[in-house]
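Novice: Submitted below is the structure of interest, expressed as structure tokens.
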Amino acid sequence: MGHWQRYEFAVPHIRGYGIFKEKTMGKTVVMGRKTLESFPNAKPLKNRKNVVLTTDKNFKCDGTEIVHGIKTIVEKYGGDDTFVIGGGEVYKQLLPYCDSAYITKVFSDGNADVFIDNLDENEMWELGNVSEKYVENGISFAFYTYINKNPQSHFEQKTL
């Protein structure tokens, strides 16, 4: 997925236009603070409601709504018009609440140090669709859609 605060691959279909832009335009995008800071000039995405999940109570950024807990995200933004866009920890925490996942698989080693769980190995997810394989800038990739067999529709407090 990425390495520190940058993405390893600048695939045109993903960054700046194409499928990502088409799916998220006019919708709510949920991200962690580090993902926001990885954007050009650390500015939120245009024409979307940007929600930033952070534990930093002092963090502020114009054009975003700052949230400090998963429960708030699930209760306030759960629905078809919300997309979780990173980073790794945010994906991990919110994946059980997602009814589908749009994954770009890049068939290259970009020295990434942050990854999303492999949904092919998760019995709660089934493969819905696979695009053709693309090659751009010497990078081979494809788009996968996964369906959550049993998404959590509300926040459940888990006790240890």
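The values are calculated or read from the model by the stated rules, or taken from the named source; none is laboratory data. Since this is a predicted model, take the numbers as computed values, not measurements. So basically every Cβ, Gly included, is an ideal-geometry build from the backbone, and we count neighbours across all protein chains shown.
Novice: Filter the strands (runs of 3 or more DSSP E) completely within segment 41-160 down to those with at least 3 residues that are under 19 Å from PHE20 (Cα atoms). Please lay out each step first, then the result.
Specialist: Working: elements: 49-53, 64-67, 82-86, 100-106, 125-130, 134-136, 139-148.
Strands (runs of 3 or more DSSP E) meeting the threshold: 49-53, 82-86, 100-106, 125-130, 134-136, 139-148.
Novice: State the number of residues belonging to segment 49-96 that are in contact (Cβ under 8 Å) with a residue 40 or more places away in the chain, among the charged types (D, E, K, R) and closer than 21 Å to PHE39 by Cβ.
Specialist: 2
Novice: Something else about it: How many residues, within segment 128-148, are without any contact (Cβ under 8 Å) to a residue 40 or more places away in the chain and touching a strand residue (DSSP E or B) at 6+ places or on another chain (Cβ under 6 Å)?
Specialist: Step one: list which residues in segment 128-148 are without any contact (Cβ under 8 Å) to a residue 40 or more places away in the chain, which gives 128-133, 135, 138, 140, 142.
Of the ones still in play, those that are also touching a strand residue (DSSP E or B) at 6+ places or on another chain (Cβ under 6 Å) are 128-131, 133, 142.
Count: 6.
Novice: Which ones in segment 136-158 are closer than 17 Å to ASP99 by Cβ and at pLDDT below 85?
Specialist: Scanning segment 136-158 gives GLN152, SER153, HIS154, PHE155, GLU156.
Novice: So, one more: Being farther than 29 Å from SER140 by Cβ, at pLDDT below 90, of a type outside the set (Phe, Trp, Tyr) and surrounded by fewer than 18 Cβ atoms within 10 Å (Cβ to Cβ): is that true of ASP56 here?
Specialist: Working: farther than 29 Å from SER140 by Cβ: yes; at pLDDT below 90: no; of a type outside the set (Phe, Trp, Tyr): yes; surrounded by fewer than 18 Cβ atoms within 10 Å (Cβ to Cβ): yes.
Taking the combined requirement at face value, the residue does not satisfy it.
Novice: Return a yes/no flag: does segment 96-119 have any residue that is more than 11 Å from the chain's Cα centre (by Cα), closer than 26 Å to THR55 by Cβ, surrounded by 13 or more Cβ atoms within 10 Å (Cβ to Cβ) and modelled with pLDDT of 90 or more.
Specialist: The answer is yes; a qualifying residue exists.
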